[in-house]
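A short worksheet on the structure shown next.
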Amino acid sequence: MQVNVQGSAVMDNGATSSGQHSETDARAGGRGGSHEAKKTNRFFFAVSIGFFAGVLWGGIKIVEFYFHFTSVIPSFLAEPFYRTNFLLTWQGMTVGWLFFIVFSIIASGIYMLLLSKIKGPWMGVGYGIAWWCLLYLAIGPWTGMMGWLYYSPWNTIITDFCLFLLWGLFIGYSIAFEFTQENSRKP
């Protein structure tokens, strides 16, 4: 126990007898000791967010295909490399899920490099929409991953648009929350 300048006693955990933290505690980052705050490794954080985004949203993509909400197969990212007959089997779905996980890790890394300092969820929403546009309007039809959007049913368009919107929100807001002190904002 120490006595600070104001005359109140400071306990071993850094709190004063009046419940406030001492000056030495404030210099230590407000954590009740002389521990230095650890910084998050940006690379490993991007990989883990991308991995979990791929597992979660790739799994949801499989469920939406199973219940016929979309006609785009869950393994559409593997379409240029495998035959469609194989991709419709459970082994093909697993391969497609792995492709989606790798794609999510890469997309998360790109977000980390370019947009990690932007606060709030809206950039993540826009990021997901941008990836949907890139895949469904440009890359997908040209590489044979899927047909032209003009020929797709509305269920497919809306379902996959919403999936990518939420996928981008998951990646973007997770990264923004970690690296822009979003957790310190008051509601």
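The values are calculated or read from the model by the stated rules, or taken from the named source; none is laboratory data. The model shown is predicted, which means the values in this text are computed figures rather than measured ones. Using ideal geometry, Cβ is built from the backbone for each residue, glycine included, and neighbour counts are taken over all protein chains shown. SASA here: full protein model, heavy atoms, side chains in, ligands and nucleic acids out. Shrake-Rupley method; radii C 1.70, N 1.55, O 1.52, S 1.80 Å.
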>> Among the residues of segment 118-176, what is the count of those that are open to solvent by 60 Å² or more (accessible area, probe 1.4 Å) and under 13 Å from VAL72 (Cα atoms)?
In response: 7
> Any residue at all in segment 179-186 that is among the hydrophobic types (A, V, I, L, M, F, W, C) and either modelled with pLDDT of 95 or more or open to solvent by 60 Å² or more (accessible area, probe 1.4 Å) (or both)?
Replying inline: no
> Restricting attention to segment 65-108, which residues are in contact (Cβ under 8 Å) with a residue 60 or more places away in the chain and farther than 20 Å from TYR151 by Cα?
Replying inline: SER104, ALA107, SER108
> Residues of segment 74-91 being surrounded by 20 or more Cβ atoms within 10 Å (Cβ to Cβ) and either assigned to a helix (DSSP H, G or I) or at pLDDT 95 or above (or both), which ones?
Replying inline: PHE76, LEU77, ALA78, LEU87
>> Going by what's in this entry, would GLY168 be described as small (Gly, Ala, Ser) and under 17 Å from THR40 (Cα atoms)?
In response: no
> Here are some conditions: (1) in a helix (DSSP H, G or I); (2) open to solvent by 60 Å² or more (accessible area, probe 1.4 Å); (3) under 26 Å from TRP142 (Cβ atoms). PHE52 meets all but one. Which one does it not meet?
Replying inline: (3)
> Here are GLY96, GLY126: which of them is in contact with a Pro (Cβ under 6 Å, 6 or more places away or on another chain) and at pLDDT 90 or above?
Replying inline: GLY96
> Inside segment 153-163, can you point out the residues that are touching a helix residue (DSSP H, G or I) at 6+ places or on another chain (Cβ under 8 Å) and touching a residue at least 40 places away in the same chain (Cβ under 8 Å)?
Replying inline: THR159, ASP160, LEU163
> Is there any pair linking a residue in segment 49-64 that is among the acidic types (Asp, Glu) to one that is open to solvent by less than 40 Å² (accessible area, probe 1.4 Å), with Cβ under 9 Å and at least six apart or on different chains, and which?
Replying inline: GLU64/THR70; GLU64/PRO74; GLU64/THR159; GLU64/ASP160; GLU64/LEU163
>> Condition first: on the phi > 0 side of the Ramachandran plot, under 15 Å from the mean Cα position of the chain (by Cα) and surrounded by fewer than 20 Cβ atoms within 10 Å (Cβ to Cβ). Can you find one or more residues in segment 103-113 that meet it?
In response: no
